[in-house]
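Worksheet: the structure to be examined is printed underneath.
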Amino acid sequence: MPIRKRPSSNSNGSSTLWTIWRVSMILLGSALAAVGLQFFLLPNHLLDGGVTGVSILGAYVFNVPFAVLLVLFNIPFVYLGYRKFGKLFALYSSIGILTLAALTFNHVEVGFTHEPILAAIFGGIFVGIGAGLVIRYGGTIDGTDTVAILIDRVTIFSVGEAIMVINGIIIALAGFVFGWENALYSLVAYFVAHKAIDVTVEGLNESRSVWVVSHHVREIGAIINAVVDEPVTYVKEANPKDPEPHGVMLAVITRFEEAKIKAAIYAIDKKAFVVISNAHEVIGKETF
């Protein structure tokens, strides 16, 4: 499973190297997003949602440079991010946004392809990987997530629902501006970019946390260790003195091991209570 290692905060040299690495990855992410926009999406009148999508629409309707609108529209969201997530988030986001704006200031009229489906897929991949790198290293190049978090706090919508509603409106507007065929291709670009962001932020070998409540946690833990060679933490042991003795255990596995683990658990205890959820970051190897 992926375990992210970070330099010790006690070492000034390591901290400086880590900061340089983060900024370098944010610059790389912004450059990849610029490739997706410049050579795939913009020449084909496609967009991927969010502030970037609004900027593309505004550039086309008002004949204003896309890069200028990208910076202007993101200013309030960077400020909101500063208030909510701190100055480092605002700083890294500003670096990413300004880099993306600089690299897309001179609009390229001729892209790598004029096939809309290819432009949507590869544009989405480049933009998604680029945006994912910026997010992974502490910033953002699109303020939609910040808005979605605020909407979640004051309405009945969750963050995910708010993002879907916002981007749905943007892509619907694209239908009126660029035509409905382009809007559908933009929807493809959005979903490809969304998946690419997930893969970049979380990794292909995404971890899962597995909680098991059972009368046979020791046997289940032993079989998990044998089947996938992963350590197990026993949170609560089964107490034979209880009227209905049961224990609780935790294991962290990869998504590729999930099917084997479920089969192993239910081979031992068909009544076991099992919860499997995404573990976005796993640090350390110690178990107890």
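Scanning the range 242-288 for residues that are at pLDDT 75 or above and part of a strand (DSSP E or B) yields a total of 15.
Across the range 43-66, which residue is surrounded by the fewest Cβ atoms within 10 Å (Cβ to Cβ) among those that are aliphatic (A, V, I, L, M) and touching a Leu at 6+ places or on another chain (Cβ under 8 Å)?
Of the range 43-66, the ones aliphatic (A, V, I, L, M) are 46-47, 51, 54, 56-57, 59, 61, 64.
Right, trim to touching a Leu at 6+ places or on another chain (Cβ under 8 Å) and you get 47, 51, 54, 56-57, 59.
Values: Leu47: 33, Val51: 25, Val54: 22, Ile56: 26, Leu57: 21, Ala59: 19.
Of everything passing the filter in the range 43-66, Ala59 is surrounded by the fewest Cβ atoms within 10 Å (Cβ to Cβ).
Restricting the first member to the range 116-128 and to residues that are farther than 15 Å from Ala31 by Cβ, and the second to residues that are in a helix (DSSP H, G or I) and among the small types (Gly, Ala, Ser), the beta-carbon pairs closer than 6 Å and six or more apart or on different chains are Ala120/Ala189; Gly124/Ala189; Gly124/Ala193. Candidates in the range 185-220 are the residues that are surrounded by fewer than 16 Cβ atoms within 10 Å (Cβ to Cβ) and aliphatic (A, V, I, L, M); of these, the one that is nearest to Ile129 (Cα to Cα) is Val199.
Mind counting the residues in the range 95-114 that are surrounded by 13 or more Cβ atoms within 10 Å (Cβ to Cβ) and without any contact (Cβ under 8 Å) to a residue 40 or more places away in the chain? Count: 3.
The values are calculated or read from the model by the stated rules, or taken from the named source; none is laboratory data. All values derive from a computational prediction rather than experimental measurement. Because the Cβ atoms are built from the backbone with ideal geometry, glycine has one as well, and the counts that use them run over all protein chains shown.
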